[in-house]
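To keep things clear, I will list the structure first and then write my remarks on it.
The values are calculated or read from the model by the stated rules, or taken from the named source; none is laboratory data. Please read all numbers here as calculations on a predicted model, not as lab measurements. Because the Cβ atoms are built from the backbone with ideal geometry, glycine has one as well, and the counts that use them run over all protein chains shown.
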Amino acid sequence: MALEHVRLHHHGVRIDPDRADESIAFYRDVLGLEPDAARPSSPTFPGAWLDCDNDTQIHLLGARGTSPYALGPDEDPAVPHVALAVPDIGDARDELDRVGVSYFAMAAGPTEQLFVRDPSGNMIELHQSGTCRCERSSRS
């Protein structure tokens, strides 16, 4: 059985940390995407979460090499990736285990994020719907 009811959540784009302000301005002023002001600020990890009209985001990830959030050289959540929301992260983890797909996890419980690579090496993040700010319509 494959994962079900998967939705696009965000796309993670790596940017040059020295050009973070310029990159944010491009996405805001040229593409018309508004930054989510509640993104946690970090002087060692500049970037932005930018809202798209379809309740998804683009995450700008300011890092070179291995990010400060990496668990290891091949376990870095700040590499370019696509994030997909699933109804239940525990069910997704169980299915990945069942079919033998390798992954690494960040956090725990409903906020847990699972990171897998497709056969071509592209990073895919899975997390549970409704557990973060990407869905603008669910913010209070």
Hits in the stretch 91-121 (condition: in contact with an Asp or Glu (Cβ under 8 Å, 6 or more places away or on another chain) and either free of Cβ contacts under 8 Å to residues at least 12 places away in the same chain or outside any strand (DSSP E or B) (or both)) = Arg93
In the stretch 42-82, the residues that are of a type in the set (A, V, I, L, M) and either in contact with a helix residue (DSSP H, G or I) (Cβ under 9 Å, 6 or more places away or on another chain) or closer than 25 Å to Arg136 by Cα (or both) | Ala48, Leu50, Ile58, Leu60, Leu61, Ala63, Ala78, Val79, Val82
Is it true that Ser129 is under 29 Å from Ile24 (Cβ atoms), crowded, with 17+ Cβ neighbours inside 10 Å and either touching a helix residue (DSSP H, G or I) at 6+ places or on another chain (Cβ under 7 Å) or at pLDDT below 95 (or both)?
-> yes
Out of (1) in contact (Cβ under 8 Å) with a residue 40 or more places away in the chain; (2) part of a loop (DSSP other than H, G, I, E, B); (3) over 30 Å from Arg98 (Cβ atoms), the odd one out for Arg14 is which?
-> (2)
Residue list for the stretch 70-114, restricted to those being in contact with a Ser or Thr (Cβ under 9 Å, 6 or more places away or on another chain) and more than 24 Å from Trp49 (Cβ to Cβ) | Gly72, Pro73, Leu96
Identify all residues within the stretch 83-115 that are surrounded by 17 or more Cβ atoms within 10 Å (Cβ to Cβ) and touching a helix residue (DSSP H, G or I) at 6+ places or on another chain (Cβ under 7 Å); write none if there are none.
-> Val86, Ile89, Tyr103, Glu112, Leu114
